[in-house]
Amino acid sequence: MPGLTSEFDDLTMVPVSPESEKQPVVIYPLRHGLKSPIHRLSFSWACGNTLRVSVFQKPQLEKADGDGEAGGRVVEVKLSNSGDEEVDAARWRRMAYSSVTPFALLQSRKHSLSAASRMSLDIPPYKAEWWEHVIEYSKEISTLLSDRKPPPKSIIEDPKSVVNEIAAPMCLKAAWELLEIFYVDKQSQSWIPERLLDWLADYNSLFSGTLPTIHSKLVDFQQELVGVHVVEEDPNYWDAMSSALAVGWLETVVKLLRLHGSYQFDQLSSRETENGLVEAVAVLISKMPRMRPSLREDNLGECYKTKPDFMKAWEKWRTQISKLDCSSYWLQCDHQQTREGLKNLIHIMLGNPTVLSNATFNWMELFISHFLYIRPFTAGLESMHNSAQKCMQVKPFSISHNLFGLILGILGENTEVVLAECSRSFGPWMMAHAVELLTAGSTHAEILLHEEHSKLGGVSIEELHRLVYAQVLSSHALTWQIAPIYLTSCIKQGIGLLENLLYKQPVQHSQILLKSIEICRLYELDTINSNIMRIAGVHHWKHGRKGSGVFWLQQARDEFRLNRIAKQLFDFVGKSVSDEGFKQWEGLIELLGSESRTAGGLEFLNKYRDFRRSLLHVHGDTPTDAARNAAEALVSLMKNPSTPQRFWLPLLYDSLKLLMWQERPLVNVSQTQLLLNKLQELSMARLRPDFVEADLPSDALSSVRLALATNLGRAILEE
């Protein structure tokens, strides 16, 4: 039974395709919030099909307090004249995310079946169990396309309600179900006409906006029915029933027949024959044989699963109709409108071509009526296509609907036309997901879509449409995360485009950066992962976030840049212990770690940090053992080849209290000689022009030399 679309809809903008000059020009509202007059407009393209409009006010002198109004505003306008008019931005994103899981699961199953068939030399997946996976995939996609909830049903049913109020159907879902019926659902191949009847009942309202339809006629009659007291005298009453019966909406016809005045208690006795004829026609309609496994809820008819049983029931049913048509009771019916109206219904059930043509409004409705009453045993796409061509000659259309072109392409087994209609009318999402339906049910479509084309860069049409859809996803900040799922399914160019996508993501946002890294790890893109972390480290370092920069460079294992950072730190750290500069960089040095493979020369900075910490805790009342540990740390640093020469003098100068320890010498003779040799090397190095002097007092060198000489004498005497 057809449904009446509710007035409520969540669409924010429904543009009209300007294919005809008769149609109005699409107007997009521009809400900028600025006061008139507007001085200048500037237009530029943003991501995807979004137009960026810059609105400028006329320049004005700033107020004295500096609180002048803003000089302009930038507004983005989405131009959605690409087949997705019925899908707003939020719904499209919801649909894009919901379709990821079914698509990814189907690709995984495809790879598993392909691997198994190669190992066992079995038949190709699409000829075995592959179509079962595809039908499951198609059902899941169809479910997410119908997430609009219908209006709540009334507890008390209105007896004069002809058309039930349902949620507004989507043209996209109608197209998807057509592909499922003809390409995927092999279990319904024997009852495709009945599937088309159900399809038309669900989506006939889609044609009402541009074409006259039976659905629109029933909607108009339902509004008129409220003010009609004697319905059988209204010509529209019989016309509405004839049209509904022509396309198989049996429950609607029976419901309207029950509104006949002869059913009223005060008229049963005087109109007994008339009521008997009405009831006989209603019973025949409700007992119409249907070649299908089961009926929908509230639908009428008798189901037959096998063709022989259906043919027997059909012949019996038509015989009963013929007997009623020749009955003498018609002569006893005094109500002319009832007699003519019922006769018209009988002629429809007997398959009168003229009556069927008068009862329908377009070739699609006439096409369905021929299946029901003229050629009920039609099978095969070729015969269905020939029937559709004849119906179009009887009911030519001046304004074509995009679904009509898709139906003709399917019936004509023209894969190129089907692809063109889906691409033109329903956009990249449809093409990326519907290809699996086409290849599952047609060998020709599979060859066409999987063939690699040199003009397309060596990619197939299937891969091309996935790349286009991935590009659409990548152009939006809220959907780029799911683009890799489609890019990785493209063998030829998917990984390269995925690399470009990841490199274009802003590294300054931690959530986006972590998502990019997660994608790289998921698809084992180790090189890209390291490069992204390296880029993030350099970005954070240049913008003053030193700790974050070092962290990401460590994650990327970038020894070259970490060593350069270490050299920069050397310029700041080589000062006295009391200098605040060391405290400023101490946390960064700790973050750098002590692994030489990762940080290179930063190993020294960590040891230098530890030495300074121990030196700060050495005082006059410090135990000798703690002071000796600090002295050993000094000697270890001076021995370490990674200690830069510029740090030798600051180390010795900061350690004067260790070299002049009162209780006993903390450095033995050999260690003191080592320190003196280092001091001698430093004195020779000062003669080079590239030598950098440490920021120390002028007498630092002489003070250190004197302390070492004194310590050497004390150490010799002690030994």
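The values are calculated or read from the model by the stated rules, or taken from the named source; none is laboratory data. These numbers come from a predicted model, not from an experiment. All Cβ positions, glycine included, derive from the backbone under ideal geometry; neighbour counts span all protein chains shown. Calculation scope for accessible area: heavy atoms of the full protein, side chains included, ligands and nucleic acids excluded. Shrake-Rupley method; radii C 1.70, N 1.55, O 1.52, S 1.80 Å.
The listed residues are G248, G227, and the only one of them that is assigned to a loop (DSSP other than H, G, I, E, B), open to solvent by less than 70 Å² (accessible area, probe 1.4 Å) and free of Cβ contacts under 8 Å to residues at least 24 places away in the same chain turns out to be G227. Filtered by the rule that a residue be under 18 Å from F397 (Cα atoms) and touching a residue at least 40 places away in the same chain (Cβ under 8 Å), the stretch 324-357 gives a lone residue, L356.
Conditions (1) modelled with pLDDT of 85 or more; (2) open to solvent by less than 30 Å² (accessible area, probe 1.4 Å); (3) under 24 Å from R94 (Cα atoms), marked per residue:
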| residue | (1), (2), (3) |
| --- | --- |
| V417 | yes, no, no |
| C422 | yes, yes, yes |
| L456 | no, no, no |
| R466 | yes, yes, yes |
| T479 | yes, yes, yes |
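Among the residues in the stretch 252-265, are any small (G, A, S), open to solvent by less than 30 Å² (accessible area, probe 1.4 Å) and at pLDDT 85 or above? Checked the stretch 252-265: no residue is small (G, A, S), open to solvent by less than 30 Å² (accessible area, probe 1.4 Å) and at pLDDT 85 or above. On the stretch given as the stretch 172-188, residues that are under 19 Å from V435 (Cβ atoms) and open to solvent by 10 Å² or more (accessible area, probe 1.4 Å) total 6. Of E436, E413, E421, all but one fail to be in contact with a Leu (Cβ under 7 Å, 6 or more places away or on another chain), closer than 21 Å to K173 by Cα and assigned to a loop (DSSP other than H, G, I, E, B); the exception is E413. Selection within the stretch 439-454: residues that are assigned to a helix (DSSP H, G or I) and more than 22 Å from I192 (Cβ to Cβ). The member of this set that is least open to solvent (accessible area, probe 1.4 Å) is L449. The requirement of being modelled with pLDDT under 70, hydroxyl-bearing (S, T, Y) and open to solvent by 50 Å² or more (accessible area, probe 1.4 Å) is satisfied by S594. For the stretch 251-296, residues that are in a helix (DSSP H, G or I), free of Cβ contacts under 8 Å to residues at least 24 places away in the same chain and over 54 Å from the mean Cα position of the chain (by Cα) total 6. Just to verify a result, which residue in the stretch 391-413, among those that are in contact with a helix residue (DSSP H, G or I) (Cβ under 8 Å, 6 or more places away or on another chain) and open to solvent by 50 Å² or more (accessible area, probe 1.4 Å), is farthest from S475 (Cα to Cα)? Here the answer is V394.
In the stretch 206-216, the count of residues that are assigned to a helix (DSSP H, G or I), within 22 Å of P353 (Cα to Cα) and touching a residue at least 24 places away in the same chain (Cβ under 8 Å) is one or more.
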